[in-house]
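The values are calculated or read from the model by the stated rules, or taken from the named source; none is laboratory data. For clarity, every value in this text was computed on a predicted model and none was experimentally measured. Every residue, glycine among them, receives a Cβ derived from its backbone with ideal geometry; neighbour counts consider all protein chains shown. The accessibility values were calculated without ligands, DNA or RNA, using every heavy atom of the protein model including side chains. Shrake-Rupley method; radii C 1.70, N 1.55, O 1.52, S 1.80 Å.
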Amino acid sequence: MNTQTEKPRPERRSAYKAFRPISTRWMDNDVYGHVNNVVYYSWFDTAVNAHLIEQGALDIHQGETIGLVIETQCNYFASLAFPQAVEAGIRVARLGNSSVRYEVGLFAEGEELAAAQGHFVHVYVDRQTRRPVTLPEKLRTVLETLA
């Protein structure tokens with residue numbers, strides 16, 4: 001039995017359904033002169049949630065349904081640094097009854113291959129009870145365009 005997995009490789013822009021510009025900030029750089037790894041996860045969240053908000057599928061202030069991250073992962077292929085412009089490509093890899101696996105590629109502006117790519121899983125829950133709920137129709141419709 002082979003327990004080794006294939007080494008991740010950067011994907012092309014064409015693998016993603018929607019894109020969002022991300023502005024790097026001075027504080028994103030670490031002492032090594034590149035964006036610190038924890039910032040990439042913030043960009044994942046920002047790209048996906050901003051897209052959902054702009055599409056009218058998520059109301060972070062008044063909506064009854066919110067997404068909680070239950071899993072996240074990232075692979076790094078090339079450094080990004082302030083003051084570089086970044087573009088986040090997003091897609092949906094799995095759409096369940098109450099959960100979604102988003103995949104995100106982070107690209108230096110104008111580059112064809114991802115500098116980093118990863119995923120996170122949202123479970124959508126009732127804002128008050130924090131119990132899983134069926135994806136609202138509008139949210140599901142928007143997510144299907146990313147699949």
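Phi angles across segment 33-44 convert, under the Karplus curve 6.51 cos²θ - 1.76 cosθ + 1.60 with θ = phi - 60°, into 3J(HN,Hα) values of x, 9, 4, 5, 4, 5, 5, 4, 5, 5, 5, 4 Hz, Gly and Pro given as x.
For segment 38-147, the share of accessible area belonging to carbon and sulfur comes to 49 percent (1.4 Å probe, ligands and nucleic acids excluded). Counted without the sites themselves, the longest stretch of the chain free of chymotrypsin sites (Phe, Trp or Tyr not before Pro) in a DSSP loop having at most 16 other beta carbon atoms within 10 Å is 78-147. Sequentially through segment 131-147, phi angles give Karplus couplings (6.51, -1.76, 1.60; θ = phi - 60°) of 9, x, 10, 5, 4, x, 4, 4, 4, 4, 4, 5, 5, 4, 6, 9, 7 Hz, Gly and Pro residues having no value and appearing as x. Averaging the sequence gap over all C-alpha pairs within less than 8 Å and six or more residues apart, then dividing by the number of residues, gives the chain a relative contact order of 30 percent. The mean of 1/r over all distinct Cα pairs in the chain, once inverted, gives the Kirkwood hydrodynamic radius of 16.1 Å.
Dividing the summed helix terms, -39500 (n - 2.57) for each DSSP H run of n ≥ 4, by the number of residues in the chain produces a 222 nm estimate of -6000 deg cm²/dmol to the nearest 500. Of the trypsin sites (Lys or Arg not before Pro) found in segment 68-147, those that fall in a DSSP loop while having at most 16 other beta-carbon atoms within 10 Å are ARG127, ARG130. Evaluating 6.51 cos²θ - 1.76 cosθ + 1.60 at θ = phi - 60° for every residue in segment 114-126, the Karplus couplings come out as 5, 7, 7, 8, x, 8, 8, 10, 9, 9, 8, 10, 5 Hz, glycine and proline recorded as x.
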